[in-house]
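Report on one structure; see the data block that follows.
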Amino acid sequence: MVQDFQSIVGREAREQIQQLAGRLPDVLLACVGGGSNAMGLFTAFLDDKDVAIIGVEPAGNGPNPGEHAATLTYGTPGVLHGMKTYLLQDDKGEPLPVHSIASGLDYPGVGPSHSFLKDIKRVKYVSATDAETLAAFRELSEVEGIIPALESAHAVAHVIKLAPTLAADKIVIVNLSGRGDKDIDYVAELMGL
Ligand SMILES: Cc1ncc(COP(=O)(O)O)c(C=O)c1O
């Protein structure tokens, strides 16, 4: 249901990039918490095999339980809220504590479509740390004048790593799932401003 509601994002992105660039993008990127903004962008491109699709999870402060919320990176299959999906869980199947600099990403589960897309290897899932995310938040704000939500800044953090490895003519779409105005006070505090 969420995928359907959000899929307008991907349908419009697909149409607009073809108008602007005359072709489909080479790479799509979106942050993954519960997974809705990412599915919104990804769905329209899933059948386009030449489009690489990357979901970026919150690596937080480290790989230990309670330090991150990177469900598809570190989780195992389980059941939460009645859905079978990858989960950060203990040996009794109870959700583990999670952490992310972005409040919208600190969730121990993920929408099951992402689990499927990981298993069939259609989407690659990577992660960005709190520190990388904060740096990306700052860089996009300073260079483009766009303040991304801390959630979205995870996707920006990965494109900052990825772009220098790509040829200059490659087209990358990064989903900015929200504005960072809501995060400004917290970011200022973290940066000691
Ligand atoms: C701006 C923003 N982006 C992303 C997310 C993460 O959710 P999802 O992965 O379902 O898009 C949230 C969650 O609150 C959010 O507020």
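The values are calculated or read from the model by the stated rules, or taken from the named source; none is laboratory data. Just so you know, these numbers come straight off a predicted model, no measurement behind them. In this analysis, Cβ positions are derived from the backbone assuming ideal geometry, glycine residues included, and neighbour counts consider all displayed protein chains.
Details
- Sole exception among (1) of a type outside the set (Ser, Thr, Tyr); (2) under 15 Å from Ala59 (Cβ atoms); (3) touching a strand residue (DSSP E or B) at 6+ places or on another chain (Cβ under 7 Å) for Val174, by number: (2)
- Test set (1) modelled with pLDDT of 95 or more; (2) over 28 Å from Gln6 (Cα atoms); (3) not basic (Lys, Arg) - Leu193 fails condition number: (1)
- There is no residue in the range 119-131 that is of a type outside the set (A, V, I, L, M, F, W, C), within 12 Å of the ligand (Cβ to nearest atom), surrounded by 20 or more Cβ atoms within 10 Å (Cβ to Cβ) and more than 24 Å from Met1 (Cβ to Cβ).
- Scanning the range 161-193 for residues that are touching a helix residue (DSSP H, G or I) at 6+ places or on another chain (Cβ under 9 Å), in a loop (DSSP other than H, G, I, E, B), more than 11 Å from the ligand (Cβ to nearest atom) and hydrophobic (A, V, I, L, M, F, W, C) turns up Ile171, Met191, Leu193.
- Qualifying positions in the range 1-35 - buried (at least 21 other Cβ atoms within 10 Å of the Cβ), within 16 Å of the ligand (Cβ to nearest atom) and on the phi < 0 side of the Ramachandran plot: Val9, Gly10, Leu28, Leu29, Ala30, Cys31, Val32, Gly33
- Enumerated helices (runs of 4 or more DSSP H) restricted to the range 42-148, each holding at least 2 residues that are small (Gly, Ala, Ser) and modelled with pLDDT of 95 or more: 112-119, 130-144
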